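The values are calculated or read from the model by the stated rules, or taken from the named source; none is laboratory data. Every value quoted in this text rests on a predicted model; they were computed, and no experiment measured them. Neighbour counts run over all protein chains shown; Cβ positions are idealised from the backbone, glycine included.
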Amino acid sequence: MKSLHPTILAIESSCDETSAAVISGGRIESNIVASQADLHAKFGGVVPEVAAREHIPAMIPAIKLALKDAGRKLSDVTHIAVTYGPGLATSLMVGVDTARALSSATNLPLIPVNHLEAHIYAGFAENKIRFPALVLVVSGGHTMIVLMSGHGRLKIVGQTLDDAAGEAFDKTAKLLGLGYPGGPKISALAEQGRKDAFAFPRPLLKAANYDFSFSGLKTAVLYEAQKHRRLTPTLKADFAASLQAAIIETLIGKLSKAIDEFRPKTVLLGGGVAANRMLRLEFLKLAQAKKIAAAIPKIEHCTDNAAMIGLAAYYRLKSGKAEAKAFRSEPSLSL
Ligand code: KG4
Ligand code: ZN
């Protein structure tokens, strides 16, 4: 039956990556990601107007390449999935309008996908997930701990009150003159630095909830940086290592407490910051100490990509939760 072995063409354009993928029967057949990061680097961050304009010429080639890489034709596709939020309004519109046009030309059903839910499903690609699962979602726009009791059954148990973890990496990297995106720059530099060089705060770590607050970190980094006449490469590496340690210790500390309370069968990591080597390591160590299964997406499925959109759509279909509905892009969609 078609719906039990769907072949999904997935589209993602919520921020600065134009991506298309083919997922068949829950298996990733192709995943094309055209990143605009180099373009935005000279502005020190994503410029929404520029991002939207760049998605337009990149979208159709990404879709064609995704089909070609998968050895598929459009006629093999049974469903079209697309990110409809959260994200940059004008960037989302490019993906949603493309999906709508394709659907109206082919009569294929559309599956609108929540980008945050997709970051969670990235970890389902090569791991067997048992419920209840506890998920740490860490991206450029969001930081949350989610309790997943089944497909589509998601409850936020804690989230950031201000900046996301990825934002903390990006903003402090900018402050230290390390460039954009900050996460990869800081994590590379941190390898040569001392993580106890500076005692940056571990915000809300002792609070009796699962919320986060990372906006104060950039101020702490700024004050410390002002104490030094010049930021030498050694100092920059120490800043990077100390900042990374503060963020990771906070994330892992809160997750550890949540594991004790919610007793999940699996812990899952997702979002762009999940590409961080040290976070992956500490996450695995925690799961081992708590004696529970851990699932981490492949690095290329952590940052924005369409394969995770297709996976989220596949599991929605499989669990009968992908009912067709009228939709439009929703920049501030929540989980
Ligand atoms: O999930 P994502 O691609 O986009 C959003 O949905 O926001 O996440 C992007 C974020 C950026 O803040 C970027 O700096 C961060 O993920 N990031 C990293 C690493 N790679 C990407 N942060 C820390 N270490 C990394 N290796
Ligand atoms: Zn994302």
Which condition number in (1) modelled with pLDDT under 95; (2) loosely packed, with under 15 Cβ neighbours inside 10 Å is the one that Ala105 fails? (1)
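If you scan the stretch 49-97, which residues turn out to be polar (S, T, N, Q) and either in a strand (DSSP E or B) or touching a Ser or Thr at 6+ places or on another chain (Cβ under 8 Å) (or both)? I'd like the intermediate steps shown before the answer.
Our first condition is that a residue be polar (S, T, N, Q); within the stretch 49-97, this holds for 75, 78, 83, 90-91.
Result: Thr78, Thr83, Ser91.
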Let me spell it out: the conditions are (1) away from ligand 1 (no atom under 13 Å from the Cβ); (2) of a type outside the set (Asp, Glu); (3) at pLDDT 95 or above, and Lys325 meets all of them except one. Which number is the exception? (3)
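Would you confirm whether any residue within the stretch 128-138 is more than 12 Å from ligand 1 (Cβ to nearest atom), under 30 Å from Val47 (Cβ atoms) and surrounded by 23 or more Cβ atoms within 10 Å (Cβ to Cβ)? Spell out the reasoning first.
If we filter the stretch 128-138 for residues that are more than 12 Å from ligand 1 (Cβ to nearest atom), which is where we start, we get 128-136.
Adding the requirement that they be under 30 Å from Val47 (Cβ atoms) leaves 136.
Next cut, surrounded by 23 or more Cβ atoms within 10 Å (Cβ to Cβ) only: 136.
Yes, the stretch 128-138 contains at least one residue that is more than 12 Å from ligand 1 (Cβ to nearest atom), under 30 Å from Val47 (Cβ atoms) and surrounded by 23 or more Cβ atoms within 10 Å (Cβ to Cβ).
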Regarding the stretch 60-71, can at least one residue be identified that is of a type in the set (Gly, Ala, Ser), under 24 Å from Asn114 (Cβ atoms) and touching a Pro at 6+ places or on another chain (Cβ under 8 Å)? no
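Results for (1) within 15 Å of Gly253 (Cβ to Cβ); (2) away from ligand 1 (no atom under 16 Å from the Cβ); (3) in contact with a Leu (Cβ under 8 Å, 6 or more places away or on another chain); (4) not in a loop (DSSP other than H, G, I, E, B), shown as yes or no for each residue.
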residue: Lys174; (1), (2), (3), (4): no, no, no, yes
residue: Gly177; (1), (2), (3), (4): no, no, yes, no
residue: Ala188; (1), (2), (3), (4): no, no, no, yes
residue: Arg194; (1), (2), (3), (4): no, yes, no, no
residue: Phe200; (1), (2), (3), (4): yes, no, yes, no
residue: Tyr210; (1), (2), (3), (4): yes, yes, no, no
residue: Val221; (1), (2), (3), (4): no, no, yes, yes
residue: Ala225; (1), (2), (3), (4): no, yes, yes, yes
residue: Leu231; (1), (2), (3), (4): no, yes, yes, no
Before we move on, is Met308 more than 12 Å from Gly123 (Cα to Cα) and within 12 Å of ligand 1 (Cβ to nearest atom)? no
In the stretch 142-161, the residues that are surrounded by fewer than 19 Cβ atoms within 10 Å (Cβ to Cβ) and farther than 14 Å from Ala312 by Cα: Ser149, Lys155, Ile156, Val157, Gln159, Leu161
Would you mention how many residues in the stretch 115-159 are in contact (Cβ under 8 Å) with a residue 24 or more places away in the chain, charged (D, E, K, R) and not in a loop (DSSP other than H, G, I, E, B)? 1
